[in-house]
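Structure, as structure tokens:
Please treat every number below as a calculation from the coordinates, not as lab data. The model shown is predicted, which means the values in this text are computed figures rather than measured ones. A quick note on method: Cβ atoms are made from the backbone with ideal geometry, for glycine too, and the neighbour counts reach across all protein chains shown.
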Amino acid sequence: MRRHLNRVLLPATAALLLGISIPSSSALAQADGGARDLAMAKPADAGMSAEGLTKISELMQGMIDRGELAGAVTAVARHGKLVHFETFGKQDLESGAPMQKDSIFRIYSMTKPIAGVALMTLFEEGKFKLDDTVEKYIPELAGLKVAVADGPDGNPVVEDAHHKMTIRELVTHTGGLTYGLFSRGQVDVLYQRADILDRNSTLEQMVGKLSKIPLRQQPGTLWHYSVSVDVQGYLIEVLTGKKFDQVLEERVFKPLGMKDSGFWVKPADASRLARLYVPDREGKLQGQANDDYSTPPAFLSGGGGLVSTATDYLRFAQMLANGGELDGVRILKPETVKMMHTNQLPAAVTEISPLVGNPGNQFGIDFALVKDPDGKADHALAKGEYWWYGIGGTWFGINPVQDLIVVGMIQSRGGAAARKARFESKKLAYEALLDPVR
């Protein structure tokens, strides 16, 4: 399992629910002159400070010079225009290959929002409702018991679920599932023994394993980071009759021109895959053996299996910032996108776990949402931002209030440096705004 985790680990109504003011599409068009296509622009023309954006470059280069990072790619877009897109350091320290704008990264959990978009295209087609039960479409998960205490024989004491897990709970990590990594109960041990995220298993086989393990907690009672999005991947297969990777290609990657995103790296592109590093106890980067991305995996992980580039992810993020459309191609309706970044947590759950390091955040559909910035984890201007990150050092944020996108990619798994790069780069982008909405 550990080896596998090197691979995965109503417009006005939405605004009122978030407590924010979202510019209208006409206002956004006026701000950038019309097209919102990621064309390069001078920072001042998009209401950004060139000097302020330079501080992002100084941050990244400084961290590389101190040996905290091997390399980085950072990008900032505002009003649909790209105002900062730079590379730093090395893609591979051992070979000396420089970081490139088209370097390929393991994006791990930044796979989740992409899976969520694919799922919501099926929602728009009427294939399911958010309050439908999961077992309606995945009968293998019917009748799951819920763990209430550790048992003497290694199997937890269980009770009946108070209600059946819904798709809304599935897309918000509140359905009772877990990863088996972020807590230490007997359910977590059972996940580990079953090797839930085995690269050689299919999504259907993963669900078969889950059907034999109790839920960690009652559905709708707690936000707990989990394999929920991997289950979403299987739900997509059930609803379409197609493999998950085929659905992503047809509904997201090909329409958006995300040519370097997928579950594996083609031989012709192998030289662009950035090497992964992990800091030791002293913070020195240790190169990891190249994990196998040379062939399509059996396990198409919606929770963390994709590779991508900064350019591809920018296109995905700009599509969302545009209300579901990019370059004349519509993926989702604007109201669906707004639903995705509107809080969907059950009433009993007020915010997401401190595990992710951001207090005051809620959760939409496969996105975290900044509700109450505290000035430590989130910048004061970050209210309304929807975001996520990957354990390999990638991150993004989309702020519909400021009409701002930040994307960053490094290849460092764990450690304080990756966290610093993520938080500080986003804060500097907010501080570079010349005309922030307050």
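Remark on Leu82: its backbone amide H falls under 5 Å from those of Leu38, Ala39, Met40, Ala41, a criterion applied only to residues 5 or more positions apart or on other chains, H modelled at 1.01 Å from N. For the residue pairs Lys112/Lys376; Lys383/Lys420; Lys129/Lys254; Lys55/Lys284; Lys338/Lys427, the C-alpha atoms sit more than 22 angstrom apart in Lys112/Lys376; Lys129/Lys254; Lys55/Lys284; Lys338/Lys427. Extension gain, Thr54-His163: 0.36 nm per intervening residue step, less the Cα-Cα distance, totals 34.0 nm. For Leu404, nonlocal amide neighbours, meaning residues 5 or more places apart or on other chains whose placed amide H falls under 5 Å from its own, are Asn399. Evaluating 6.51 cos²θ - 1.76 cosθ + 1.60 at θ = phi - 60° for every residue in the stretch 153-161, the Karplus couplings come out as 9, x, 10, x, 6, 10, 9, 5, 5 Hz, glycine and proline recorded as x. Note that the stretch 66-73 has calculated 3J(HN,Hα) couplings of 8, x, 7, 10, 7, x, 7, 10 Hz, one per residue in order, obtained from phi through the Karplus relation 6.51 cos²θ - 1.76 cosθ + 1.60 (θ = phi - 60°); glycine and proline are x.
Listed by chain and number, the lysines whose alpha-carbon sits under 22 Å from that of Lys136, ignoring those within fewer than 8 places in the same chain, are Lys127, Lys145, Lys164, Lys209, Lys212, Lys242, Lys243. Residue-normalised convex hull volume from the C-alpha trace of the chain: 134 Å³ per residue. How much net charge surrounds Glu124 when only the other residues with a Cβ under 11 Å from the Cβ of Glu124 are counted, with Lys and Arg +1 and Asp and Glu -1? My count for the surroundings of Glu124 gives +2. Under a 5 Å amide H cut-off, with hydrogens placed 1.01 Å from N, Val157 pairs with Val148, Ala149, Asp150, Gly151 among residues at least 5 apart or on other chains. Using the Karplus relation 6.51 cos²θ - 1.76 cosθ + 1.60 with θ = phi - 60°, the per-residue 3J(HN,Hα) values for the stretch 407-412 come to 10, x, 9, 10, 10, 10 Hz, with x marking Gly and Pro. Highest-first packing order for the peptide set 296-304, 227-235, 134-142 is 227-235, 296-304, 134-142, based on the mean count of other beta carbon atoms within 10 Å.
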